[in-house]
Each structure stands twice: as structure tokens, then as C-alpha cells.
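Chemist: Submitted below is the structure of interest, expressed as C-alpha cells.
The values are calculated or read from the model by the stated rules, or taken from the named source; none is laboratory data. For clarity, every value in this text was computed on a predicted model and none was experimentally measured. Virtual Cβ from ideal backbone geometry, glycine too; neighbours counted across all protein chains shown. Just so you know, the surface numbers come from the protein's heavy atoms only, side chains and all, with ligands and any DNA or RNA stripped out. Shrake-Rupley method; radii C 1.70, N 1.55, O 1.52, S 1.80 Å.
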Amino acid sequence: MKLREVSPNTKLLDVRSREEHEAVAIPGSHLVSQELIQVIFDQWNKTDPVVIYDHQGNSAMDAAAYFLGHGFVETKCLKGGIDAYSLDVDPSIPRYRLEIED
């Protein structure tokens, strides 16, 4: 990820499920949990870049809005999520499909 090369303080947050994160994740990313959010709000620098990702870019926008609303001014979403990242940046990261149960 070029942003991490330019700005090593960039934090990468995964808003997918624990199962998805454990199966496949971008190296160096943190799985978002309530506990981690408390640590972020208490300890992280609000001017450091934060990149939020999900599976295909659908739910990361809500999480980014939440962080922006709490003063994390350099919050961005990873366009297309981890799926696009696998295609465009790092093909060693496996792609997957979510099966929705009825």
C-alpha cells in the first residue's frame, strides 16, 4: 500500500467479521472491536492517516464517517475493500465470496 510507504504512521482497520479477518487480512491491519475503538479514541493521534476496509467497500464508509465524526481527520476507505486490494495490489491475498443464509 503506497500510503504506508509515504506515511508509516498509517493505521489500517478491518471492519469485517472476526472469521473473515482470521481467514484473510491485509498484513498489519487491526480487526475493529469495541475494545480497540476505546484504545484508538484514548491513545491514537487523530491526525495520523487511518484507512478502513471491509470485503468489497460497502460498509467501510459508515465506519469512516464514525471516525471522521470523532475527529480522525485523515480517515479514508479502501476503495473496493480487500477484494479489490487482492486484484489490484497484492494477488497473494486470496479472494472469497460470502454465502448469505436465508
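Chemist: Mind checking the angle between helix 60-69 and the chain's longest principal axis? C-alpha axes, 0 to 90 degrees, to the nearest 10.
Modeler: 10 degrees
Chemist: Please work out how much length the chain gains when fully extended from LEU36 to ALA65, using 0.36 nm per residue of separation minus the C-alpha to C-alpha distance, in nm with one decimal.
Modeler: Details: separation 29, 0.36 × 29 = 10.44 nm, distance 1.70 nm.
Extending this stretch completely gives an extra 8.7 nm.
Chemist: In Å², what does the accessible area per residue of the chain work out to with a 1.4 Å probe?
Modeler: Details: 6480 Å² over 102 residues.
Spelled out: the 1.4 Å probe surface of the chain, per residue, equals 63 Å².
Chemist: Along each of the three principal axes of the Cα atoms of segment 48-90, give the extent in whole Å, ordering the values from largest to smallest.
Modeler: Its Cα atoms span 32, 19, 8 Å along the three principal axes.
Chemist: What nm value, rounded to one decimal, do you get for the distance between SER7 and VAL89 when each label is placed 7 Å out toward the C-beta?
Modeler: 1.3 nm
Chemist: Further question on the same structure: What does the convex hull of the Cα atoms of the chain come to per residue, in Å³, rounded to a whole number?
Modeler: Details: hull volume 10.8 nm³, N = 102.
Enclosed volume per residue, from the Cα hull, is 106 Å³.
Chemist: What's the magnitude of the charge dipole for segment 7-102 around its Cα centre, counting Lys and Arg as +1 and Asp and Glu as -1 at the beta-carbon? Answer in Debye, nearest 20.
Modeler: Working: 8 positive and 16 negative charges, 78 e Å.
Approximately 380 debye in magnitude.
Chemist: Okay, moving on. Report in % the part of the accessible area of the chain that belongs to carbon and sulfur, leaving out ligands and nucleic acids; probe 1.4 Å.
Modeler: Details: 3260 of 6480 Å².
Of all accessible area on the chain, carbon and sulfur atoms account for 50 percent.
Chemist: Among ALA60, VAL73, SER86, whose Cα projects farthest towards the positive end of the dipole of the chain, with charges put on the beta-carbon of Lys, Arg (+1) and Asp, Glu (-1)?
Modeler: Toward the positive end, the furthest listed residue is VAL73.
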